[in-house]
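Trainee: The following block contains the structure, expressed as structure tokens.
The values are calculated or read from the model by the stated rules, or taken from the named source; none is laboratory data. Predicted model only: the values in this text are computed from it and were never measured. Neighbour counts are summed over all protein chains in view; Cβ atoms, including those assigned to glycine, are modelled from backbone coordinates with ideal geometry.
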Amino acid sequence: MSSVKVPKLVGVTVKKSEDFSEWYNQVVLKAELADYSPVHGFMVIRPHGMMLWEGITAFLDARIKARGVENAYFPLLIPESFFKNEQAHAEGFAPEVAWLEKEEKSEERLAIRPTSETIMYDMYSKWIRSHRDLPLRVNQWANVVRWEIKMTKLFLRTREFLWQEGHCVYATHEEELEETLAFLHEYEKVYHDLLAIPVIAGKKTLAEKFAGSNDTFTLEAWMPDGKALQGCTSHDLGQNFSKAFNITFTGEDEKIHHPWQNSWGLSTRVIGAMIMVHSDDKGLVLPPRLARNKVVIVPIIFADSKDTVLAAAKKIANELKSFGARVDDRDTYSAGWKFNEWELKGIPLRIELGPRDVGQNQCVLVRRDTGEKKIVSLAGIEKVVEHELEAMHHALFAKAKKHLDDSLITVQTMKEFESALENRKIIRMLFCGTPACEAEIKQKTTATTRCIPLNEKPVKGGVCVQCGKEASLHTLFSKGY
């Protein structure tokens, strides 16, 4: 063993249950997912964090391409006049737009894109002529800038973030709305099948819908600190933008029509949700289906058996290469140091292998989520690893689902509302849906509407808990990110 002095590994120093915000920051920084940029409000995504985003993009990109969507790329800069074409959209994004300063005052100002509806739809007006050009399904993977951030929260609140935005055009509203919801359910698969995070699918209220849309649909995830996080959005844009940008097509009836449009997006804040939901006081916990390196093999090295143990470790890694298995054979770190580091970085499974294990054709298998150790035979190790990874995925989802279900409470009075909010619950109540009533609730309680769940059934004769006016649907309220 080398005599080189090894720095002490300083893990997470606060408990998740005691200081959630500081715990989150430490996990992100110490697991080397991201760091603060020298430019206020921006972040640097480190290779370990970018690996997670690449895993998410690969999963989602394959699914949206299977739906006939093609990837494209549109400019970062948008002429100011484009925003003015759709007034509600312009007003909704006005506080968030970052503008370039122009030396020539006569030139039109250019905005750094906060979203790409306007620049894309100007092009659509040139490309679409006939019903034969429809449906047009386009997606882009890009970065956007929104200049509203006062306090940076890595992955959750930064002025620049990465995302995908799909923008599709249809001949009929029925087809458009059907696919608006279909893409929402594709996002649901990202959360459920890849990230092991339960979500609530719903529709945003009138006050919270996307500027310029008819309706906005969302997935809401529930965080351990009692706040909701908007996981994605899918917007029914109707004909609002097609009329604003003069997008028309000649129908089969040989008449001119405005098409129907949707847009839908998911951003790097999904990584923040994953960190908050699954990670613990030891650091990051990666959902097995997302982790590129699902297994780390830590050989227990002694001078007289080093070559034998390393050879066995490399043989196991080769058998488990489909799981991205890697051997940590660094000789300047102790086995215990390595255990702590890989726990901090969230690798789903750890294999400990010493000379006695090699002699008995076995190893010690440790699951990151539970810390449970199992002595397993090296014969058939591939099937054992596959089973444990799947079991871990389902256990992570079940734990998060229980927390979500236990947090949902229906209230009948505003006193119950305030009590539930204080106890960090998701509040379900009959609500009239008017922006004025919603603003009053927010002013009184700081809670915001999250969504009207898609599985809610109308209630006859119901009244709003806040104002007493007619209300037929339950709406979810909570504090949020």
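Trainee: Taking segment 350-371 on its own, how many of its residues are part of a helix (DSSP H, G or I), of a type in the set (A, V, I, L, M) and in contact with a strand residue (DSSP E or B) (Cβ under 8 Å, 6 or more places away or on another chain)?
Mentor: 0
Trainee: Tell me which residues, restricted to segment 233-247, are under 16 Å from Asn85 (Cα atoms) and crowded, with 16+ Cβ neighbours inside 10 Å.
Mentor: Listed by number, the residues that qualify are Leu237, Gly238, Gln239, Asn240, Phe241, Ser242, Ala244, Phe245, Ile247.
Trainee: Also, I was wondering about something else. Would you please list the contacts, defined by Cβ atoms under 6 Å and residues six or more apart or on different chains, that run from a residue in segment 41-61 that is within 11 Å of Ile271 (Cβ to Cβ) and among the small types (Gly, Ala, Ser) to a residue that is surrounded by fewer than 19 Cβ atoms within 10 Å (Cβ to Cβ) and at pLDDT below 95?
Mentor: Going by the 6 Å Cβ cut-off, there are no qualifying pairs.
Trainee: Between a first residue in segment 355-374 that is touching a residue at least 24 places away in the same chain (Cβ under 8 Å) and farther than 22 Å from Met392 by Cβ and a second residue that is hydrophobic (A, V, I, L, M, F, W, C) and in a helix (DSSP H, G or I), which pairs have beta carbons less than 7 Å apart while being 6 or more apart in sequence or on different chains?
Mentor: Pro355/Val309; Val358/Val309; Val358/Ala312
Trainee: Can you tell which of Glu96, Glu70 is assigned by TED's automatic domain parsing to the domain that holds Ala182, of a type in the set (D, E, K, R) and at pLDDT below 90?
Mentor: Just a single option satisfies the conditions, and that option is Glu96.
Trainee: Could you check segment 214-228 and list, in sequence order, the residues that are under 18 Å from Lys402 (Cβ atoms) and either crowded, with 20+ Cβ neighbours inside 10 Å or touching an Asp or Glu at 6+ places or on another chain (Cβ under 7 Å) (or both)?
Mentor: Scanning segment 214-228 gives Glu220, Ala221, Trp222, Met223, Ala228.
Trainee: Tell me yes or no: at least one residue of segment 153-169 is more than 19 Å from Met274 (Cα to Cα), surrounded by 18 or more Cβ atoms within 10 Å (Cβ to Cβ) and modelled with pLDDT under 95. First the steps, then the outcome.
Mentor: So the first thing to find is which residues in segment 153-169 are more than 19 Å from Met274 (Cα to Cα), and the list is 159-160, 165-169.
After this cut, where a residue has to be surrounded by 18 or more Cβ atoms within 10 Å (Cβ to Cβ) as well, the list is 159-160, 165-169.
From the residues that got through so far, the ones that are modelled with pLDDT under 95 too are none.
The answer is no, given that none of the residues of segment 153-169 is more than 19 Å from Met274 (Cα to Cα), surrounded by 18 or more Cβ atoms within 10 Å (Cβ to Cβ) and modelled with pLDDT under 95.
Trainee: Quick check on Thr172: is it buried (at least 24 other Cβ atoms within 10 Å of the Cβ) and farther than 30 Å from Thr13 by Cβ? Spell out the reasoning first.
Mentor: Numbers: buried (at least 24 other Cβ atoms within 10 Å of the Cβ): no; farther than 30 Å from Thr13 by Cβ: yes.
No, not satisfied.
Trainee: I would also like to ask the following. Which of the residues that make up segment 121-164 are in contact with a Pro (Cβ under 7 Å, 6 or more places away or on another chain), assigned to a loop (DSSP other than H, G, I, E, B) and closer than 24 Å to Ala62 by Cα?
Mentor: Answer for segment 121-164, where residues must be in contact with a Pro (Cβ under 7 Å, 6 or more places away or on another chain), assigned to a loop (DSSP other than H, G, I, E, B) and closer than 24 Å to Ala62 by Cα: just Leu134.
Trainee: So which pairs qualify, if the first residue must be in segment 205-231 and within 18 Å of Leu181 (Cβ to Cβ), the second must be surrounded by 24 or more Cβ atoms within 10 Å (Cβ to Cβ) and basic (Lys, Arg), the Cβ gap must be under 6 Å, and the two must be at least 6 apart or on different chains?
Mentor: Within 6 Å, the pairs are Glu220/Arg450.
Trainee: Okay, moving on. Could you figure out which of (1) in contact with a Pro (Cβ under 6 Å, 6 or more places away or on another chain); (2) outside the structural domain of Pro47 (by TED's automatic domain parsing) isn't true of Ala207?
Mentor: (2)
Trainee: Can you confirm whether Thr205 is in contact with a Lys or Arg (Cβ under 8 Å, 6 or more places away or on another chain) and among the hydroxyl-bearing types (Ser, Thr, Tyr)?
Mentor: In short, no.
Trainee: So for segment 270-286 (the condition being among the basic types (Lys, Arg) and in contact with a helix residue (DSSP H, G or I) (Cβ under 6 Å, 6 or more places away or on another chain)), does at least one residue qualify?
Mentor: Yes: segment 270-286 contains one or more residues that are among the basic types (Lys, Arg) and in contact with a helix residue (DSSP H, G or I) (Cβ under 6 Å, 6 or more places away or on another chain).
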